[in-house]
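Down below is the structure, laid out as structure tokens.
The values are calculated or read from the model by the stated rules, or taken from the named source; none is laboratory data. All values derive from a computational prediction rather than experimental measurement. Reconstructed Cβ throughout: ideal geometry from the backbone, glycine too, with neighbour counts over all protein chains shown. Accessible surface areas use protein heavy atoms only, side chains included; no ligands, DNA or RNA. Shrake-Rupley method; radii C 1.70, N 1.55, O 1.52, S 1.80 Å.
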Amino acid sequence: MKKSSVFSFLGIDDLSSDNIDFILKTSALFKKEFYEKGSIIHCINPEQTKGLVVQLLFAEPSTRTRASFEVACGRLGIAITSLWNLHFSSMAKGETLEDTFQCLIALRPDMIVLRCGGFKSAESFLRSSPVPVVNAGLGTMEHPTQALVDAFTIQEKRGKIEGEKVLIVGDVLHSRVANSNLKLLTRLGAKLGMCTPEALSPADKQAWKDVERFDSLETGIKWADVIMCLRVQRERHSLRNIGFSMAEYRDNYRIAQEEMDLFRKDGVLLHPGPAMRGVEISNQAVDDPRCHIITQVENGSYIRSAIVSLMLNLEIKSP
Ligand code: NCD
């Protein structure tokens, strides 16, 4: 499989088409081998990962992204050090995130996986890091590894990405997942649509200009092959009056049984998680066989093992 080296992976634009192809194909290989043999270590040369250390720095809450990076590295035989309970780091004493990051760089891990709320000049600061950085969710900017999980899951469940109609529903304004998916899925030939309240529609109108806007969820669902449901990120609304109540949101944007009844029988419902049952998605929709939230979580480990392989330039052996 062809790949070219990537230094830091902060957004989808850092990947060439060959890199994307490598990640999707290597994830499929890892998944198959894991199902057949219960491990993937035989797909690499373990001499290459001996002694490697990946440092995780999570300054925002996470369950699946952090756990899947840990599993992904562990399956490749790479050691992980993890800083995430920042109440027990020097940040609790007032050290800035930038200085915390510099401390971790000084320890020279082989790679840093970073999640944080984003800060002024984050991109240029992170680009100047002498240690490769992978973005595991940066403010409302991008979450490129999640977009790769979503693309992989669409390909797996629908058989292809090209030509697929993907409807993004919910808080697009605050969604780093949506921003990365816009770039990745468009590059892979999917057609995007969105259904979102005006107050939660994307700030960067130019970037989203070719995305079809549906005012009614019903019309959007009848159009879609894939629905990507997003959480309402209330923690990021604190300084804004969003202009509608949660009851109004539920009435107009929640994916529930009624919406699933309108959705094609072989459609795919995705959610990057965490899903707020009863708010943007109902229990019945979560339990519907077309809903693949747990598969997305599972695929997260294979995708992240493939991303780590790309970043650390591991040779992949296809048995
Ligand atoms: C998302 C995130 O943190 O951006 N979750 C994830 O990483 N899978 C979405 C969210 O928080 O709503």
Using the structure shown, decide if Gly243 is assigned by TED's automatic domain parsing to the domain that holds Ala199, more than 19 Å from the chain's Cα centre (by Cα) and on the phi > 0 side of the Ramachandran plot. yes
Might you let me know whether the range 290-309 holds any residue that is in a helix (DSSP H, G or I) and over 21 Å from the mean Cα position of the chain (by Cα)? no
Sole residue being β-branched (Val, Ile, Thr) and farther than 13 Å from Ile307 by Cα, chosen from Ile12, Ile41, Ile23: Ile41
Report the residue count in the range 68-87 for those that are open to solvent by 40 Å² or more (accessible area, probe 1.4 Å) and in a loop (DSSP other than H, G, I, E, B). 3
Residue by residue through the range 1-20, note down the ones that are open to solvent by 10 Å² or more (accessible area, probe 1.4 Å), under 27 Å from Pro109 (Cα atoms) and assigned to a helix (DSSP H, G or I). Asp13, Asp14, Asp18
On the given criteria, is Leu167 outside any loop (DSSP other than H, G, I, E, B), away from the ligand (no atom under 12 Å from the Cβ) and closer than 17 Å to Ala59 by Cβ? no
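Here is a yes/no grid of residues against (1) of a type in the set (A, V, I, L, M); (2) under 30 Å from Gly117 (Cα atoms); (3) open to solvent by 10 Å² or more (accessible area, probe 1.4 Å); (4) more than 16 Å from the ligand (Cβ to nearest atom):
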{"position": "Lys25", "(1), (2), (3), (4)": "no, no, yes, yes"}
{"position": "Ile44", "(1), (2), (3), (4)": "yes, no, no, yes"}
{"position": "Thr49", "(1), (2), (3), (4)": "no, no, no, yes"}
{"position": "Val54", "(1), (2), (3), (4)": "yes, yes, no, yes"}
{"position": "Arg66", "(1), (2), (3), (4)": "no, yes, yes, no"}
{"position": "Ser89", "(1), (2), (3), (4)": "no, yes, yes, yes"}
Any residue in the range 162-175 that is touching a residue at least 24 places away in the same chain (Cβ under 8 Å) and among the hydroxyl-bearing types (Ser, Thr, Tyr) sitting within a Cβ distance under 6 Å of a residue that is within 12 Å of the ligand (Cβ to nearest atom) and not in a strand (DSSP E or B)? List the pairs, counting only those 6 or more apart or interchain. Ser175/Leu230
Test for Leu173: is it within 16 Å of Leu270 (Cα to Cα) and either of a type outside the set (Asp, Glu) or in the same structural domain as Phe69 (by TED's automatic domain parsing) (or both): no
Is it the case that Leu184 is away from the ligand (no atom under 16 Å from the Cβ) and under 18 Å from Ile303 (Cβ atoms)? no
Unique match (being assigned to a helix (DSSP H, G or I) and open to solvent by 70 Å² or more (accessible area, probe 1.4 Å)) among Lys157, Lys120: Lys157
